[in-house]
Amino acid sequence: MTMSDTNLSVGSLEARPGTKARGTVRADLGTLTADIPLTLVNGARPGPRVVITAGVHGGEFTPVDAAARLAGLLEPAEVHGQLIVCPVANPNAVYRGRLNISPVDGVNINRVFPGDPDGGPTERLAAWLFANLVDGADVYVDLHCGGIDQVLRDFVGYRLTGDPDLDKATAELAGSFGIEDVILGLKADGGNSHAAAARRGISAVLVEVGELGQRDGATARRRVDGLFRALRHLGVLDPDDSAPAPVREWVWSAGVTAEATGLWYPEFSFDGDVIGEVAEGDVLGRIVDPADGREHTVRAPAGGRIFYGMHGLTVAPGTELAALAVPWDPDTAPRPDTLGPPG
């Protein structure tokens, strides 16, 4: 898709070619509404349509900060194509919940994309985001980080679709952010935002940078720098002379969830930005019942590197404790039993 001489609009917000518009658009969620902040940048020159979202989850502050900074820095005269930047895609979770789930209905929106316009509030919000922002895009970038209770190693994730041209374009996009680790999902299934977009033929990536709800300026600037690199790669901004950074490809090997309620004491190591390597059967930690002190031991169901893990103290059945991945070589590596990415 090449945009050059058409207006860019979402709801009542509109940007003519060569202009930028900022404001909020109200989403009808059935029993309530949500005001979605947006920046529309309609470039002066032809190019792709790119959508960037943050704030899909609450408690993930750095992506929201980075998206807001990016929206302020983009100048239409420098842009080829059209950009939609949404720094707070899920206001209820961001402003009221600060968790992955919405306080409105207890639903994790990143499990229900592309949503249901006749469903509950979070399902309706997911459907609104797709209908108004994502559908019609050439590229979709969803920004995340480790939440207020998660440690995380930076990575970019995307899903294979079986379409060689789309998969190649997405792999190149994933490698353009300057992040060393790229994790492939071997199927484009499930309710994650980037998976749902990939099923619609959109080049879509998940970008995870930062942990523990960080909001420091250095991390935000690093995120913005990565976004500028990706936009130059896409031709949305003029290229510079920077060389692509090398990447390592991984696939998910296991996701570990709590099977008991209690206090979580992890035993895997964290060394700077490197999260520990574990073997199948290794002890990941223990959940202790605060009432009687009984322990529930949690072991790794497969080997791999822990890319993110629970750092909070209190957990309940179903709480994500860790996500493991192994190096990927399509020619020599066996396909892991667990292909569905956590997160």
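The values are calculated or read from the model by the stated rules, or taken from the named source; none is laboratory data. Quick caveat: nothing in here was measured; it's all calculated off a predicted structure. Cβ sites come from the backbone with ideal geometry, for glycine too, and all protein chains shown count toward neighbours. For the accessible areas, the whole protein counts, side chains as well, though only heavy atoms, and no ligand, DNA or RNA atoms are used. Shrake-Rupley method; radii C 1.70, N 1.55, O 1.52, S 1.80 Å.
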If I take every Cα pair under 8 Å that is 6 or more residues apart in the stretch 12-246, average their sequence separation and divide by the length, what percent do I get for the relative contact order? 21
With a ≥ b ≥ c from the Cα gyration tensor eigenvalues, square-rooted, and the rule rounded for a/c under 1.5, otherwise prolate when a/b > b/c and oblate otherwise, the stretch 210-260 is oblate
Along the charge dipole of the chain, Cβ charges K/R +1 and D/E -1, which of Ile306, Ile52, Val283 sits furthest on the positive end? Ile52
Cα lying deepest toward the dipole's positive end in the chain, options Gly255, Trp328, Gln150, charges on Cβ: Gln150
Mean separation of Cα contacts under 8 Å (at least 6 apart) over the residue count of the stretch 252-327, i.e. the relative contact order in percent, is 43
GNM on the chain, C-alpha springs below 10 Å: top fluctuator among Pro244, Pro91, Pro103? Pro244
Using only helices, what value at 222 nm comes out for the chain when you add -39,500 (n - 2.57) per DSSP H run of length 4 or more and divide by the total residues, to the nearest 500 deg cm²/dmol? -5000 deg cm²/dmol
Leaving out ligands and nucleic acids, note down the accessible area per residue over the chain with a 1.4 angstrom probe, in whole Å². 42
GNM of the chain, Cα pairs under 10 angstrom: of Gly281, Gly226, Gly210, the biggest fluctuation goes to Gly281
Rounded to the nearest 5, what % of the DSSP beta bridges within the stretch 12-246 are antiparallel ones? 45
Accessible surface of Ile287 - all protein chains present, 1.4 Å probe, nearest 10 Å²: 0
Please state the charge dipole magnitude for the stretch 252-327, taken about the Cα centre, from unit charges on C-beta atoms (+1 on K and R, -1 on D and E), reported in debye and rounded to the nearest 20. 100
Share of accessible surface on carbon and sulfur in the chain, whole %, 1.4 Å probe and ligands ignored, is 49
So how strong a dipole does the stretch 12-246 carry about its Cα centre when Lys and Arg Cβ are +1 and Asp and Glu Cβ are -1, to the nearest 20 debye? 380
Which residue, Gly185, Gly30, Gly55, has the most motion in a Gaussian network model of the chain that connects Cα atoms within less than 10 Å? Gly30
